[in-house]
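*Asks:* Sharing a structure below in structure tokens format, with a few things to ask.
Readers should treat all values here as calculations from the given coordinates under stated rules, not as data from a laboratory. Small disclaimer: the values here were computed from a predicted structure and weren't measured. Here Cβ is always computed from backbone atoms with ideal geometry, including for glycine, and neighbour counts include all displayed protein chains.
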Number of protein chains: 2
Amino acid sequence: MFSYLFLKKIPAVILKPNTYLKHIAYDSVVFGFSGEKLKILVMKYKNTDYYALPGGFVGLDEDLNSAVRRGLKERTGLDNIFLEQFYTFGNVSRSTPAFMEAIMEANGGVNEYGWMLERFISIAYYALINYDDVELKPEAISESCDWYDLNNLPELIFDHKEILDKALATLRSNLETKLMGVNLLPPLFTMKDLQNVYEAILGEKLHRGAFQRKILGMNLLKRHEKQFSGAAHKAPFLYSFEK
Amino acid sequence: MFSYLFLKKIPAVILKPNTYLKHIAYDSVVFGFSGEKLKILVMKYKNTDYYALPGGFVGLDEDLNSAVRRGLKERTGLDNIFLEQFYTFGNVSRSTPAFMEAIMEANGGVNEYGWMLERFISIAYYALINYDDVELKPEAISESCDWYDLNNLPELIFDHKEILDKALATLRSNLETKLMGVNLLPPLFTMKDLQNVYEAILGEKLHRGAFQRKILGMNLLKRHEKQFSGAAHKAPFLYSFEK
DNA sequence: TTAATATTGTCACATTGTGAGACAATAAAT
DNA sequence: ATTTATTGTCTCACAATGTGACAATATTAA
């Protein structure tokens, strides 16, 4: 949340009072997959050492889900991504205006933005996206956004570490439903690719034969022609996700 | 939501502006089990034919989860019940001030309560409670609260039917975790009782032998002495839920 | 007092699902 | 031509689950 603060290039009005619903924010945990590792998008506030999950606010006449998709599109350029709400964090203690004040001080004053110092509840989402498709936009003066390995994260402010942990737990327990893991891969992928995704999410090795048998048993993948990979072994089939 | 409106017995201040977080409500789907059927609590606004899920608002300095527990305690008298958040509904279209205005008109005016006509997002919870423990409190002038069979519900206002449907879907998919079904039963119950709960929730018959084997295999139930039921057959064991 | 009835606790069997290893196939390097 | 690494698939063992059967037993009926 609070990611478009102090962004001088966009009209100041969008951060003024009466543009967004008060007390309501969203935070998103954006998962990507690269180099056989699971990564997430983390934002850094300019002129500070504060790291946070990308998030934002909900326009007065904007659907909640639309607001989150808008925010993700602005940051990743991606539309039509896999996005799922998983929990709403509403403790009083999660709102720590001290952080916000420090961020504001570091970026030029508090006057207009007092509403952001009030208490917020945050609706949390997680997204699965194809790492290769993303073009991160360093457009905001107030922030930068980058990929981090899950096991090499900077410290996150607010309760964002707790949000991330719950996102990961939800992702793990939902992994089977509708083969959602394929959303982290390009349109064509090998069975090994998919197994790597599963192993990164679950944090454990899976048996190759059993994995293939189970996945193919779902009848959700379409098998394509083999593609000679250039590696010194039998070429694997390529698959795409159908339906 | 909106259940304590126009309740003349409690201090008017609690419904005035600046008591609750604006734009934020909660709704709860309260499941009970009786007569081998699944039931839910539905509220009716006085002087109207409007039925709704019980809900409420979040105090300015109140944790979200605490607010929901407070509301349920006020209505059912129960503390320490099984309660789980499952989704936050945030579409613009879900807020239909026409209903609220009608309810207000029927109960004495709009002046003080204009804030309730604005847009709300609602964090939805479901609760599982022991039907026999509940003493419904018809305390509010503005409402009454009663049990309804799941398949014999009045029409619900706002998007409350959608909320109920999603609650039921969540309950079904979470049913196995930690034997949550026992929360709908008294402290001592038979295996048949538990099977009835499962069948009511899942909407299908289960095989008696396989059910018993699976449940006992979890090692979460403690077996007690038999209790002669008075029925013309072998007496069943009683069980209680342990940890 | 005995037999009938309904339901319980448990088991045996068949079927299905899963974990583990084996083996031939094959693309590239040697 | 041989070696190497990985793939696709298979078989075996074992676990989990679906299904019906049986004896046990609390009450009712005869």
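*Asks:* Relative to the longest principal Cα axis of chain A, at what angle does helix A:97-107 sit, 0 to 90 degrees, rounded to 10?
*Replies:* Tilt relative to chain A: about 80 degrees.
*Asks:* Here's another thing I want to ask about it. In a Gaussian network model over chain B where Cα atoms closer than 10 Å are linked, find which of B:Val134, B:Val182, B:Val197 has the largest mean-square fluctuation.
*Replies:* B:Val134
*Asks:* Of the residues B:Glu74, B:Glu84, B:Glu225, which exhibits the maximal mean-square fluctuation in a Gaussian network model of chain B defined by a 10 Å Cα contact cut-off?
*Replies:* Fluctuation is largest for B:Glu225.
*Asks:* Would you kindly work out, in nm and rounded to one decimal, the distances from the label point of A:Arg223 to those of the same position in each other copy, ordered shortest first, with label points 7 Å along Cα-to-Cβ?
*Replies:* 4.9
*Asks:* Please compute the net charge surrounding A:Leu38, taking Lys and Arg as +1 and Asp and Glu as -1 over other residues with Cβ under 14 Å from its Cβ.
*Replies:* -3
*Asks:* Ordered shortest first, which distances in nm separate the 7 Å Cα→C-beta label point of A:Pro17 from those of the other copies?
*Replies:* For A:Pro17, the other copies' label points sit at 1.1 nm, shortest first.
*Asks:* What percentages, rounded to whole numbers, describe P(r) for chain B computed over all alpha carbon pairs with 10 Å bin width beginning at zero?
*Replies:* It works out to 7, 30, 32, 18, 10, 4, 0, in whole percents.
*Asks:* A further question follows. Counting only other residues whose beta carbon sits under 14 Å from that of A:Gly203, what net charge do I get with K and R as +1, D and E as -1?
*Replies:* Around A:Gly203, the charge tally is -2.
*Asks:* Right, something else. Suppose every Lys and Arg Cβ carries +1 and every Asp and Glu Cβ carries -1, with no other charges. What dipole size does the protein assembly as shown come out with about its Cα centre, to the nearest 20 debye?
*Replies:* Magnitude of the dipole: close to 1620 debye.
*Asks:* A follow-up question, please. I'd like to know which of A:Ser66, A:Met100, A:Ile157 lies farthest towards the positive end of the charge dipole of chain A, counting +1 on Cβ of Lys and Arg and -1 on Cβ of Asp and Glu.
*Replies:* Toward the positive end, the furthest listed residue is A:Ser66.
*Asks:* Compute the angle between helix A:64-76 and the longest alpha-carbon principal axis of chain A, please, reported from 0 to 90 degrees and rounded to the nearest 10.
*Replies:* That helix lies at roughly 80 degrees to the long axis.
*Asks:* Between copies, how far apart are the B:Ser66 label points? List them in nm, one decimal, shortest first, with each point 7 Å from Cα toward Cβ, please?
*Replies:* Spacings between copies for this position, smallest first, are 3.5 nm.
*Asks:* State the answer as a single residue: which of B:Gly56, B:Pro187, B:Ser122 lies farthest towards the positive end of the charge dipole of chain B, with beta carbon charges of +1 for Lys and Arg and -1 for Asp and Glu, about the Cα centre.
*Replies:* Value: B:Pro187.
*Asks:* When only DSSP loop residues count, what chymotrypsin sites (Phe, Trp or Tyr not before Pro) in segment A:213-243 have their Cβ near at most 16 other Cβ atoms within 10 Å?
*Replies:* Answer in residue order: A:Phe228, A:Phe237.
*Asks:* Say the cut-off is 23 Å between C-alpha atoms; which of B:Lys39/B:Lys137; A:Lys44/A:Lys73; A:Lys161/A:Lys205 go over it?
*Replies:* Checking Cα-Cα distances, A:Lys161/A:Lys205 exceed 23 Å.
*Asks:* Quick one: divide the alpha-carbon radius of gyration of segment A:194-243 by 2.2 N^0.38 Å and tell me what you get.
*Replies:* 1.26
*Asks:* Here's something else I'd like to know. Once you order the gyration tensor axes a ≥ b ≥ c over the Cα atoms, which shape class does the protein assembly as shown get: rounded for a/c under 1.5, otherwise prolate or oblate by comparing a/b with b/c?
*Replies:* Note, shape of the protein assembly as shown comes out oblate.
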